[in-house]
Amino acid sequence: MLAEEAQAPRPPGFAPSIRVTAMPADTNPYGDIFGGWLMSQMDLAASSIASRHSRGRAVTIAADAMVFHRPVSVGDEVSVFATLVGVGRTSMRVRTEAWRRARNDEATEKVTEAVFTFVAIGEDRQKRSVPPMPGGATT
């Protein structure tokens, strides 16, 4: 094994929350995938984690600084990994990473990452308490 291969970043060791193929309708006028499309996939993955943890409706209130490391092309498979990293009284923080794999290749690259913050709300659209995080981490 080459030294570069041994140190190459790898996706998290758990299943992605979302896996989707980037399509032509998701591109900007230059033919690259819109950053907003990628961010929406990450928000969907993070919201799945937040609503499962809170056992109900959770709304996005923030996304921490997102930097796009690599472009995503039409046909790339995009996998978004999401994990709960902190819980407050009504809020949750979910770390996300988006990875791309060219359609006919096995190599993967991290394209971006961010932490999304959610607030749990009830039917009345008011904040509601959420269960504590396993292990006791808070936001």
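Just so it is clear, none of the values below were taken in a lab; they were calculated from the coordinates. None of these values were measured; they are calculated from a predicted model. A quick note on method: Cβ atoms are made from the backbone with ideal geometry, for glycine too, and the neighbour counts reach across all protein chains shown.
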message: Restricting to the range 94-139, count the residues that are under 27 Å from Leu38 (Cβ atoms) and assigned to a strand (DSSP E or B).
response: 22
- request: Go through the range 45-62 and give me each residue that's outside any loop (DSSP other than H, G, I, E, B) and surrounded by 16 or more Cβ atoms within 10 Å (Cβ to Cβ).
  value: Ala45, Ala46, Ser47, Ser48, Ile49, Ala50, Ser51, His53, Ser54, Ala58
field: In the range 115-131, the residues that are touching a strand residue (DSSP E or B) at 6+ places or on another chain (Cβ under 6 Å) and farther than 13 Å from Ile61 by Cα
entry: Arg128, Val130
